[in-house]
């Protein structure tokens, strides 16, 4: 009698336990598969945006992905790359310098248009050839020299002075100051902007060094018709060499050079 009651109780306890276990399994299954919307909403465990460079992105194994998700920089759930994978396709490289390609053809030797004439412009480093400048035979220091262009010059005076040195290369000492008078006998203005006066001495025509004074004055830049102008220059001439001096006057490349010759004080 006792054994039957114990067996009945044992049997009831097992039934209750079985019911409890069955309910627990049902609840567990319901929590895992009962809400597919929440399961689909879960983000796929793609590669972390903070992953270190050089590690390849592993494809998601969750098997769930949103069908309308936009392309992104992460790998899709089916193991294929989306979004950023498109950057692997060849695209035009706009960062290359145009000079990396074939150089443009030179235009320096291109044919000139008809009707034009090639001219050469001299630069500051080129020597521009000029024709020889005529030097007229010397005249006495007491005479007048004619350039043949309407300009005539004469030695207005010479004086012995003590030359002044104010520029490097000059030596103060015995010198001669010469005054040259220029007259424009033509009907046009004559430019004297490039005029030069030099003084030499001896049979070898040794150049006298031009000094800074005293009382020097250049020619004006131009001389009007009928106008006269004086210019004074000082040259270092040794005392023992003043028996024969030459005064050379020049004013333009298209005019000759005139020379005065005689004794200086």
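Restricting the search to segment 190-223, which residues are surrounded by 13 or more Cβ atoms within 10 Å (Cβ to Cβ) and part of a loop (DSSP other than H, G, I, E, B)?
192, 195, 202, 205, 208, 211, 212, 214, 216, 218, 219, 220
Tell me, please, whether a residue that is more than 17 Å from residue 138 (Cβ to Cβ) and over 47 Å from the mean Cα position of the chain (by Cα) can be found in segment 186-206.
yes
(1) assigned to a loop (DSSP other than H, G, I, E, B); (2) in contact (Cβ under 8 Å) with a residue 60 or more places away in the chain; (3) surrounded by 17 or more Cβ atoms within 10 Å (Cβ to Cβ): which one isn't true of residue 176, the others all being true?
(1)
Please go through segment 233-258 and pick out each residue that is more than 24 Å from residue 170 (Cα to Cα) and in a strand (DSSP E or B).
Correct list: 257, 258.
Looking at 236, 226, can you tell me which residue is at pLDDT 95 or above and on the phi > 0 side of the Ramachandran plot? Working first, answer last.
On the way: 236 fails: on the phi > 0 side of the Ramachandran plot.
Testing whether each residue is at pLDDT 95 or above and on the phi > 0 side of the Ramachandran plot leaves just 226.
Do the conditions hold for residue 230, that is, is it in a strand (DSSP E or B) and surrounded by fewer than 14 Cβ atoms within 10 Å (Cβ to Cβ)? So that I can check it myself, show each step before the final result.
On the way: in a strand (DSSP E or B): yes; surrounded by fewer than 14 Cβ atoms within 10 Å (Cβ to Cβ): yes.
Spelling it out, residue 230 is indeed in a strand (DSSP E or B) and surrounded by fewer than 14 Cβ atoms within 10 Å (Cβ to Cβ).
The values are calculated or read from the model by the stated rules, or taken from the named source; none is laboratory data. Remember, predicted model here, so these are calculated numbers, not experimental data. Neighbour counts are summed over all protein chains in view; Cβ atoms, including those assigned to glycine, are modelled from backbone coordinates with ideal geometry.
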